[in-house]
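The values are calculated or read from the model by the stated rules, or taken from the named source; none is laboratory data. All of these numbers come straight from a predicted model, not from anything done at the bench. Cβ placement follows ideal geometry from the backbone for every residue including glycine, while neighbour counts extend to all protein chains displayed.
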Amino acid sequence: MCAGGMAFRRSWFSWDRYSEVDLFTERLDQNNSLSQAIRAAASDEMDADGNVLFGQIQGTVVGLKYYSGVVNQGEMVGLEREPHNLYDRNAIMVANIYGSQVGHIRKDLAEAMAYILDRKLAKVEGVVHSSTKNRFSMPVILSFWGKEENKSAVIQRLACYGYKLITGGLKNAFDNLFEGLLESKDGEKEAAESVATPLLPHQRQALSWMCARENECVLPPFWEKRGELYYNTLTCFSAKEIPERVLGGILADDMGLGKTLTTIALILTNFHDGKPLPVYNRVSGTLSIQAPDEQSSAPFLMLCLLRVYSRSMHTRACVCVCPQDQFEEHLRADVKLRVYMYHGPDRNRSTKFLSSQDVVLTTYNVLHDVSSPLHDINWLRVVLDEGHVVRNPNTQMSKAVLDLKAKRRWILSGTPIQNSVKDLWMLLAFLRLKPFDVREWWNRVIQRPVTQGDRAGLQNLQTLVKCITLRRTKTSEVNGRPLVTLPEKSVCVEQVELSASEREEYELAHNEGRHTIGRYVAEGTVLRNYADVLAILMRLRQHCCHPDLLSKTASDAGLAATPAELREHLIEKLRVVLASGSDEECSVCLDSVRLPVITHCAHVYCRPCIAQVIGTEQESARCPLCRSDIKINELVEFPQEEMAEGNGGRSPGKWRTSSKIQALIGNLLRLRREDSTIKSLVVSQFTRFLTILETPLREHGFRFVRLDGTMSQKKRAQVIQDFQSVTPSSPAIMLLSLKAGGVGLNFTAASHVFLMDPAWNPATEEQCIDRCHRLGQKRKVFVTKFIVKDSVEENMVKIQRQKQELVEVAFGSVDNDRKTSRINDIKALMKL
DNA sequence: ACCGCCGGGTGCC
DNA sequence: ACCGCCGGGTGCC
């Protein structure tokens, strides 16, 4: 500690040798001797090798039962990489002090650690503090030591695997850093007339605050004027010249509160001292200023400004950096701006051209191109959208961002802090918040005190952040009213008429079902036969959607009352299986099915293969797939006439449409004609219906994605991201299985919802609609429910309206009256 | 009948 | 291993 103090004084003196102005005009870390001195002083947690403690994590030693080495409580353990381990090239062996193997580091953590150890980014020491709780594994505390410059790489690597280095308390405290900032920052400002979208009250407040940040020359936090000097109360530094003001800040509102709109309003409204940006008017081709009182002076002002700015590539242009997938969101048809998208291979790299724009949009990836002309321009403003994406200051991308020259600087971010205080440095450095934009000062004055648990350090950090940040959450209120209200939602039912042939099929099934259920009603056995009743209803519901939904499940076969019906069902199933497009495999020969037959248990094999199985096992023969009894004379094959027209025994599966599909496609085509940016959710309870829908969507050239319950979490996230993207090539339609996924899903890119078939429980429909009609939805939401006229669906809707769940009918412990009413429901459904 | 729920099999790297 | 994780069986009270 003593040595540290000496070193600090040395650095203080050496700093003295440079003029005071240096602190504000040059990056101190460009000066080697000084930054070295500070760095040497910075760490009193160094070991003999000059390594510093990065932090600790708790890991797990596994596989104890396979090895003889034992460890006592509090004992140190050795860690050894086993790059040639047969099972895992990332293996890390754990041994006790005698060198006897104790076990291995659990493989997920081993993977992260192997990367770090193999690259010598850190050394790791293990200590077993708590004793073994079981015979199989035990916890171990792992301390990571290394060179300061490798620290963030190590932290980042561990973070990739979900491990967070513990660097000392106060974690929760800075998690809440941004939560104390929920205040209105008084005052509202109307946007310039060129902003076509009216601002909400909280957006006008943000605009007022942002204009003030750009126009008012307030001292940065911790600076005050003392007599003739400007004095920093944290560093005790004083200077004669006024410290450079931060013209900008962090707009950290929650997603959906309109950060982008507010920023566009800022660009148009606050060109100069609260005056609007002179906007090029596309219609008349002349320059005009939108604020009425400025009209006469506009051309003159423009000339002056253009002349002033034409020197040394100063410009009135703003550059906005955003993540790739959010590119288009900034383009608003109603704002007449010279906007240039600086990306793609043919981008115009002329600084003169770029400087002549109002807004240049680019991405973080394009920006870090070394020869970027964007770095040769002195921008009026630079805006980082989703600014938290550049939080690691060591990346090329971050350096490119920091090197942008601009008078005013803004960060938009819904989640300003991701992991730790460290993330903040990048934000403050970008804003050039003196003196903390210099890493060493940030470390000494803020970061280290905070990570060491110094309350005052945290207090200072909070003050710092508070001065430059505006944050409201979706639950914030302004004048007792919520910040945002959802766009309108309208729900309509579209009746679908079945075609003559569909009606014929439907009535056939309906009469059959009505007969069966009528019998149950007469016998008073409806509730006892409920599964059958549901199955009948299910078949009718499927009829309403598409005939091909009916014939696939094995249980259908079970429903058949007569051998002839069973045979029909099995043939139908065989037809569907072979038509499904996938290369159906025989489970006996594991090859494509030749001479297909279907068993009574509804599994498909090659006839020779399954015949051999039955021949060998005789009376005890069982289906290789489900172990049901099978007999040679019960195998069902296609009737000869169908075999002939089939493609060598496999029908190519002729796709057919249905009335409901026609109704949907009609709507989708109409929407596409009206506005090709409209996106829709197409929802069904039958995933096979979704599959059937894929064909006409493809035929009509719709781009679509699909989300159903069979997909992994990772795949779902990918699909949702694709769908939510606003690029022109992104999918316009999501095929969605009604019950897929949890409540957290966000489909706000869609403004139209098509519910293809009614659900028993209307709440599941509502939940689905709410995934699209939620915070972040910018358009009016239209919900269309397709209901087949004169069908079980219509009756389902009637029952829905009474808010009754059919399942309760049969199984609920309801009293007799209610039971009677449920039975009446079923009668109503079947028109009995 | 895409879902959650249950209980059995299972287990370092 | 009194876990987590996996896959199979299962069913709406």
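Just to check your reading of the model, which residue among A:GLU502, A:GLU507 is in contact with a helix residue (DSSP H, G or I) (Cβ under 9 Å, 6 or more places away or on another chain), part of a helix (DSSP H, G or I) and of a type in the set (D, E, K, R)?
A:GLU502
Just one of A:LYS819, A:LYS739, A:LYS778 is within 15 Å of DNA strand C (Cβ to nearest atom), at pLDDT below 90 and not in a helix (DSSP H, G or I); which is it? Talk me through it step by step, then tell me what you get.
Working: A:LYS819 fails: not in a helix (DSSP H, G or I); A:LYS778 fails: within 15 Å of DNA strand C (Cβ to nearest atom).
A:LYS739 is the lone residue from the list that is within 15 Å of DNA strand C (Cβ to nearest atom), at pLDDT below 90 and not in a helix (DSSP H, G or I).
Would you check which residues across region A:466-495 are assigned by TED's automatic domain parsing to the domain that holds A:GLY187, modelled with pLDDT of 80 or more and not in a loop (DSSP other than H, G, I, E, B) and list them?
A:LYS466, A:CYS467, A:ILE468, A:THR469, A:LEU470
Among the candidates A:VAL370, A:VAL359, A:VAL401, A:VAL382, single out the residue that is β-branched (Val, Ile, Thr) and at pLDDT below 85.
Every option except A:VAL370 fails the conditions.
Where in region A:46-119 are there strands (runs of 3 or more DSSP E), lying wholly inside it, with at least 3 residues that are near DNA strand B (Cβ under 10 Å from one of its atoms)?
Values: elements: A:52-62, A:75-81, A:92-95, A:101-105.
Of the strands (runs of 3 or more DSSP E) lying wholly inside region A:46-119, those with at least 3 residues that are near DNA strand B (Cβ under 10 Å from one of its atoms) span A:52-62, A:92-95, A:101-105.
What is the residue count in region A:549-572 for residues that are assigned to a helix (DSSP H, G or I), modelled with pLDDT of 70 or more and within 13 Å of DNA strand B (Cβ to nearest atom)?
1
Quick check on my filter: what residues within region A:213-240 are surrounded by 17 or more Cβ atoms within 10 Å (Cβ to Cβ) and assigned to a helix (DSSP H, G or I)?
A:ARG213, A:GLU214
Would you point out which residue out of A:VAL140, A:VAL77 is touching a residue at least 40 places away in the same chain (Cβ under 8 Å), within 16 Å of DNA strand C (Cβ to nearest atom) and within 20 Å of A:LEU165 (Cβ to Cβ)? Break it down into steps so the answer makes sense when it comes.
Details: A:VAL77 fails: within 16 Å of DNA strand C (Cβ to nearest atom).
None of the other options fit; the residue is A:VAL140.
Which of the numbered conditions does A:THR764 fail, given that it passes all the others? Conditions: (1) within 16 Å of DNA strand C (Cβ to nearest atom); (2) not in a helix (DSSP H, G or I).
Here A:THR764 clears every test but (2).
Can A:CYS589 be described as surrounded by 12 or more Cβ atoms within 10 Å (Cβ to Cβ) and at pLDDT below 80? Walk me through how you get there before you give the answer.
Details: surrounded by 12 or more Cβ atoms within 10 Å (Cβ to Cβ): yes; at pLDDT below 80: yes.
Here the answer is yes, as A:CYS589 does meet what is asked.
Could you tell me whether any residue of region A:647-661 is among the β-branched types (Val, Ile, Thr), assigned to a loop (DSSP other than H, G, I, E, B) and modelled with pLDDT of 90 or more? Quick ask: steps written out before the conclusion?
Of all residues in region A:647-661, those among the β-branched types (Val, Ile, Thr) come to A:657, A:661.
Those still in the list that are assigned to a loop (DSSP other than H, G, I, E, B) too: A:657.
Of the ones still in play, those that are also modelled with pLDDT of 90 or more are A:657.
Yes, the conditions are met somewhere in region A:647-661.
State which residue is nearest to A:ILE517 (Cα to Cα) when the search covers only region A:783-816 and only residues that are modelled with pLDDT of 55 or more and within 16 Å of DNA strand C (Cβ to nearest atom).
Just the residues of region A:783-816 that are modelled with pLDDT of 55 or more, to begin with: A:783-801.
Narrowing further to those that are within 16 Å of DNA strand C (Cβ to nearest atom): A:792, A:796, A:799-800.
Working: A:VAL792: 14, A:MET796: 16, A:ILE799: 18, A:GLN800: 21 Å.
My answer is A:VAL792.
Could we say that A:ASN392 is within 30 Å of the chain's Cα centre (by Cα), assigned by TED's automatic domain parsing to the domain that holds A:LEU268 and not in a helix (DSSP H, G or I) here?
Details: within 30 Å of the chain's Cα centre (by Cα): yes; assigned by TED's automatic domain parsing to the domain that holds A:LEU268: yes; not in a helix (DSSP H, G or I): yes.
Considered against the rule, which asks whether it is within 30 Å of the chain's Cα centre (by Cα), assigned by TED's automatic domain parsing to the domain that holds A:LEU268 and not in a helix (DSSP H, G or I), A:ASN392 comes out as yes.
In region A:668-718, what residues are among the aromatic types (Phe, Trp, Tyr) and assigned to a helix (DSSP H, G or I)? Steps first, please.
First, the residues of region A:668-718 that are among the aromatic types (Phe, Trp, Tyr): A:686, A:689, A:702, A:704.
A:PHE689, the sole residue that qualifies.
May I ask you to list pairs of residues, at least six apart or on different chains, whose Cβ atoms are under 6 Å apart, with the first in region A:457-486 being more than 25 Å from A:LEU200 (Cα to Cα) and the second being at pLDDT 80 or above?
Listed by first residue and then by second, the contacts come to A:LEU461/A:ILE446; A:THR463/A:PRO221; A:LEU464/A:PRO221.
Among the candidates A:ARG627, A:ARG607, A:ARG575, which residue alone is outside the structural domain of A:PHE686 (by TED's automatic domain parsing) and at pLDDT 75 or above? Can you show your working first?
Working: A:ARG627 fails: at pLDDT 75 or above; A:ARG575 fails: at pLDDT 75 or above.
Checking each option against the conditions leaves just A:ARG607.
Being outside any strand (DSSP E or B), in contact (Cβ under 8 Å) with a residue 40 or more places away in the chain and over 24 Å from the mean Cα position of the chain (by Cα) is the filter here, so list the residues in region A:346-389 that pass it.
Start the filter on region A:346-389 by keeping residues that are outside any strand (DSSP E or B), which leaves A:346-358, A:364-377, A:385-389.
Cutting the leftovers down to in contact (Cβ under 8 Å) with a residue 40 or more places away in the chain gives us A:355-358, A:364-365, A:367, A:374, A:376-377, A:385-387, A:389.
Listed by number, the residues that qualify are A:SER355, A:SER356, A:GLN357, A:ASP358, A:LEU374, A:ASP376, A:ILE377.
Check whether at least one residue in region A:401-417 is part of a helix (DSSP H, G or I) and out of contact with any strand residue (DSSP E or B) (no Cβ under 9 Å at 6 or more places or on another chain), and report yes or no. Walk me through it before giving the result.
First, pick out the residues of region A:401-417 that are part of a helix (DSSP H, G or I): A:401-402.
Subset that is out of contact with any strand residue (DSSP E or B) (no Cβ under 9 Å at 6 or more places or on another chain): A:402.
Within region A:401-417, one or more residues are part of a helix (DSSP H, G or I) and out of contact with any strand residue (DSSP E or B) (no Cβ under 9 Å at 6 or more places or on another chain).
Does A:SER712 meet the test of being in contact with a Lys or Arg (Cβ under 9 Å, 6 or more places away or on another chain) and either modelled with pLDDT under 85 or more than 17 Å from A:LEU669 (Cα to Cα) (or both)? Before you say what the answer is, go through the steps one by one.
Values: in contact with a Lys or Arg (Cβ under 9 Å, 6 or more places away or on another chain): no; either modelled with pLDDT under 85 or more than 17 Å from A:LEU669 (Cα to Cα) (or both): yes.
Against the criterion (in contact with a Lys or Arg (Cβ under 9 Å, 6 or more places away or on another chain) and either modelled with pLDDT under 85 or more than 17 Å from A:LEU669 (Cα to Cα) (or both)), A:SER712 does not qualify.
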